[in-house]
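This report concerns only the one structure given below.
What follows draws every value from the coordinates through simple rules; no lab data is involved. As the structure is a prediction and not an experimental result, all values here were calculated from the model. With ideal geometry, Cβ positions are generated from the backbone for all residues, glycine too; neighbour counts draw on all protein chains shown.
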Amino acid sequence: MPRGPMGGGRTTEKPNDFGKVMGKLVNYCRNYLPVIIIALILGGAGCSIPEVSLLNSIFKKPMVVTFVLCILLVAIGTGFAFTLVMP
């Protein structure tokens, strides 16, 4: 009997100890924690689809495109700055 979405049913390798695997993942990501937090803050403060659609109904298209590009460039620039500052 097919399982999963669209009847994929492929077999995959399952970890023997899921808690151990998640512990290793968290331990690996610990070095990048400040960068992850900044990315989440910028993503939350950035532009969402409803916000862009609302701005699109108020402003002309070039203004909305400029806004989205500014948010994107600030997020990318902050990410690069933190990777340069972090050891």
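Find how much the distance from Val85 to Asp17 grows on full extension, using 0.36 nm per residue of separation minus their present alpha carbon separation; answer in nm with one decimal.
Values: separation 68, 0.36 × 68 = 24.48 nm, distance 3.55 nm.
Working it through step by step, the gained length comes to 20.9 nm.
Peptides 74-81, 18-25: what's the order by average Cβ count within 10 Å, highest mean first?
Per-residue Cβ counts within 10 Å, averaged per peptide and sorted highest first, yield 74-81, 18-25.
Residue separation times 0.36 nm, minus the C-alpha to C-alpha distance between Asn27 and Thr66: what's the value?
Using 0.36 nm per residue and subtracting the Cα-Cα distance, I get 10.2 nm.
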